[in-house]
Amino acid sequence: MNDFDQSFLEFQAAQQARRHAEDWLSAFEAALVARDTKRIGALFHEDCHWRDILVFTWYLTPLRGREPVAERLAAEQGRVAAHGFHLPPGRRAPRNVKRLGIDSIEAIFEFETEDGRGAGLIRLSPDADNAMKAWLLSTTLESLRGHEEKIGANRPTGAAYSRNFGGDNWADVRRKAVAYDDREPTVLVIGGAQAGLSIAARLNQLGVDTLVVEKWPRIGDSWRRRYHSLALHNSIHLNHLPYMEFPPTWPKYIPKDMLGNWFEFYADAMEINCWTDTEFVAGTWDESAGCWSARLKRSDGTERVVRPRHLVFANGVSSYPLVPPQPGLEDFKGAVIHSEGFDSGAGWEGKNALILGTGSSANDIAMDLHSHGVNTTLVQRGSTTVVSIDPSARLNEAVWDEGGLLEDCDLIVSSTTPPLILQAYKAVTQRMLELDKEMIAGLKRIGFKHDVGEDETGHQMKYRRRGGGYNLDAGSSALMIKGEIGLLHYDRIERFCAEGARLKDGSTVPADLIVLATGYYPQAELVRRALGEAMAARIGPVWGEGPDGELNNMFKRTPQQGAWFIAGSLSQCRTYSKYLALQIKAMELGKLGPL
């Protein structure tokens with residue numbers, strides 16, 4: 001077959017995919033407008049999935065099965081009034097794809113509702129009678145009517161401060177905005193890294209007055225202060241922040257200081273109101289006033305109380321360093337530091353180091369110490385999932401690797417329901433095991449305890465469930481296999497002593513430095529310390545899987561009015577900051593109440 005014939009066949013396939021998508025959307029809209037459960041259900045496979053993000057349920061809602069999906073769509077349509085379903089120009093065209101082993105037509109669509117504009121995704125495949133039916137539907141709120149983001153053609157004119165002779169210029173306006181001398185912030189965001197900056201940028205574009213507080217002296221310090229050799233473990237093209245992509249000249253894996261500097265630049269460019277050197281100390285909810293009383297402490301010891309209607313915790317999946325009790329550690333004469341405080345192996349040349357933990361941070365620190373001539377041993381407490389950064393971890397970047405608009409890739413990724421996430425991770429984990437089989441076999445030969453997750457879903461579900469328990473391998477595994485980095489099982493240690501670790505056989509493993517790469521408390525611990533036991537109990541768990549498979553209390557309304565959480569990777573923060581901002585804006589407009 002020549003190139004012309006191949007191109008013609010691809011054109012025909014694309015046209016057919018478009019017709020199938022248009023026919024399905026037309027039939028779906030007719031059935032939905034009629035609120036006809038039977039007709040809606042007839043358009044879906046028996047085993048189908050729907051994820052709604054704010055359109056029909058004002059929540060992050062996954063449903064599975066023809067009847068539950070059809071019934072919920074029909075029940076909510078009277079309020080939502082969804083209509084005008086169409087294939088939008090400029091977005092990814094309908095195409096033939098294989099997802100989760102199913103040959104499908106995948107199409108992005110847009111539509112209107114009573115409240116605003118929505119977008120979504122369908123995946124169609126033939127049933128036994130060759131009728132095209134949906135096995136996946138997603139519906140996502142993109143904007144609120146009359147309150148669209150101030151971007152592109154809707155950008156501000158700048159008339160308030162442009163060529164304002166005798167009045168305030170832009171710098172004057174920014175100084176006054178940041179000071180909050182004459183008003184209270186509507187939203188207080190705690191944390192000035194990717195989560196806090198993403199949600200603040202989104203809220204700014206919706207006209208919601210937002211203040212970010214960051215405990216470190218500069219925006220970006222939460223990354224700058226991490227260990228010397230750190231770089232992101234995933235590729236640059238999926239890590240952009242909202243509205244501003246990284247320069248095309250930047251490296252594939254961004255170094256931590258480069259990222260920290262970008263965050264500082266981003267906060268300035270996006271006109272985000274930030275108070276650095278400012279720590280959120282405590283907060284109480286005033287039920288009668290419908291706002292928080294939030295106590296902020298500056299590095300100079302001064303305090304200020306602000307009264308926002310919304311608190312957004314944006315300080316990561318984890319909070320405070322976790323240091324489990326270690327028998328005899330108080331007798332150790334060398335240096336003991338948590339991984340959070342580790343910078344570099346410089347200055348430890350020729351010394352002995354023990355690192356408690358075998359996650360990504362522990363392994364990166366081990367490599368850093370080894371590269372500085374330190375006799376380094378990793379102490380393994382529990383089994384660990386190990387995945388090569390390249391090629392295995394990059395398998396999870398597949399949708400972004402397909403190219404196209406970033407917002408299209410984000411929509412495709414966010415369309416997946418929890419059961420499909422499990423299915424996808426099981427499949428990709430098997431491929432990872434194939435790619436990494438030599439490394440894994442080598443680790444097992446030296447006694448390393450390796451696992452692929454409790455249900456063979458690999459490191460991604462470990463991250464989703466508990467935020468750790470895996471190593472994205474940058475080369476430490478090869479060094480362990482060759483014996484250049486040592487491996488010691490924790491259960492061989494009787495106790496720590498002045499010289500290092502005393503083993504149960506009576507011998508001692510010498511150490512001058514012990515690094516506790518023992519992880520962090522979950523974010524709920526920060527809530528407990530800042531808001532109190534009763535409020536923490538009311539809100540419940542943060543992160544980890546909830547009963548519906550969605551992340552607990554993340555990116556959505558919580559049991560406590562005005563308390564919100566955002567965390568995760570840069571791509572998660574970019575994607576879900578939009579939906580969190582829309583909910584806060586809707587509450588400010590009176591369109592959405594508390595749970």
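Remarks
- Selection count where residues are part of a strand (DSSP E or B), buried (at least 23 other Cβ atoms within 10 Å of the Cβ) and in contact with a helix residue (DSSP H, G or I) (Cβ under 7 Å, 6 or more places away or on another chain), scope region 311-323: 2
- For region 339-371, the tally of residues that are over 25 Å from His450 (Cβ atoms) and open to solvent by 10 Å² or more (accessible area, probe 1.4 Å) stands at 11.
- Put simply, of Ala441, Ala398 the only residue that is outside any loop (DSSP other than H, G, I, E, B) and modelled with pLDDT of 95 or more is Ala441.
- Residue that is least open to solvent (accessible area, probe 1.4 Å), among those in region 118-147 that are part of a loop (DSSP other than H, G, I, E, B) and touching a residue at least 24 places away in the same chain (Cβ under 8 Å): Asp127
- Within region 248-275, being open to solvent by less than 40 Å² (accessible area, probe 1.4 Å) and not aliphatic (A, V, I, L, M) holds for Lys256, Gly260, Trp262, Phe263, Tyr266, Asn273, Cys274, Trp275.
- Count - residues of region 29-52 that are open to solvent by 50 Å² or more (accessible area, probe 1.4 Å), in a strand (DSSP E or B) and in contact with a strand residue (DSSP E or B) (Cβ under 8 Å, 6 or more places away or on another chain): 1
- Top-ranked residue of region 105-125 - restricted to ones that are small (Gly, Ala, Ser) and out of contact with any helix residue (DSSP H, G or I) (no Cβ under 7 Å at 6 or more places or on another chain), ranked as nearest to Gly84 (Cα to Cα): Gly118
- Checklist (1) in contact with a helix residue (DSSP H, G or I) (Cβ under 6 Å, 6 or more places away or on another chain); (2) closer than 18 Å to Leu121 by Cα; (3) open to solvent by 30 Å² or more (accessible area, probe 1.4 Å); (4) not small (Gly, Ala, Ser) applied to His20, failing item: (1)
- In region 182-196, the count of residues that are among the charged types (D, E, K, R) and not in a loop (DSSP other than H, G, I, E, B) is zero.
- From the options Glu106, Glu76, residue that is within 24 Å of Val399 (Cα to Cα) and outside any loop (DSSP other than H, G, I, E, B): Glu106
- Test: residue in region 451-459 that is open to solvent by less than 30 Å² (accessible area, probe 1.4 Å), under 20 Å from the mean Cα position of the chain (by Cα), touching a residue at least 12 places away in the same chain (Cβ under 8 Å) and at negative phi: yes
- Matching residues, region 375-392, being outside any strand (DSSP E or B) and surrounded by fewer than 22 Cβ atoms within 10 Å (Cβ to Cβ): Arg381, Gly382, Ser383, Ile389, Asp390, Pro391
- Note on region 53-70: residues that are part of a strand (DSSP E or B) and either farther than 21 Å from Pro559 by Cβ or open to solvent by 40 Å² or more (accessible area, probe 1.4 Å) (or both) total 2.
- Here Glu550 fits the description: of a type in the set (Asp, Glu) and under 25 Å from Arg202 (Cα atoms).
- Selection of region 160-181 for residues being without any contact (Cβ under 8 Å) to a residue 24 or more places away in the chain, not aliphatic (A, V, I, L, M) and not in a loop (DSSP other than H, G, I, E, B) yields Trp170, Asp172, Arg175, Lys176.
- Enumeration of residues in region 474-509 that are open to solvent by 50 Å² or more (accessible area, probe 1.4 Å), closer than 14 Å to Leu356 by Cα and not hydroxyl-bearing (Ser, Thr, Tyr): Asp491, Arg492, Arg495
- Within region 536-568, tally of residues that are part of a helix (DSSP H, G or I) and either of a type in the set (A, V, I, L, M) or touching a residue at least 40 places away in the same chain (Cβ under 8 Å) (or both): 3
- Residue pairs whose Cβ atoms lie under 6 Å apart, sitting 6 or more positions apart in sequence or on different chains, and linking a residue in region 434-447 that is open to solvent by less than 60 Å² (accessible area, probe 1.4 Å) to a partner that is not hydroxyl-bearing (Ser, Thr, Tyr), are Ile440/His450; Gly442/Ile481; Leu443/His450.
The values are calculated or read from the model by the stated rules, or taken from the named source; none is laboratory data. Owing to the predicted nature of the structure, the values given are computational and were not obtained by experimental measurement. Virtual Cβ from ideal backbone geometry, glycine too; neighbours counted across all protein chains shown. Areas reflect the complete protein model, heavy atoms only, side chains present, ligands, DNA and RNA absent. Shrake-Rupley method; radii C 1.70, N 1.55, O 1.52, S 1.80 Å.
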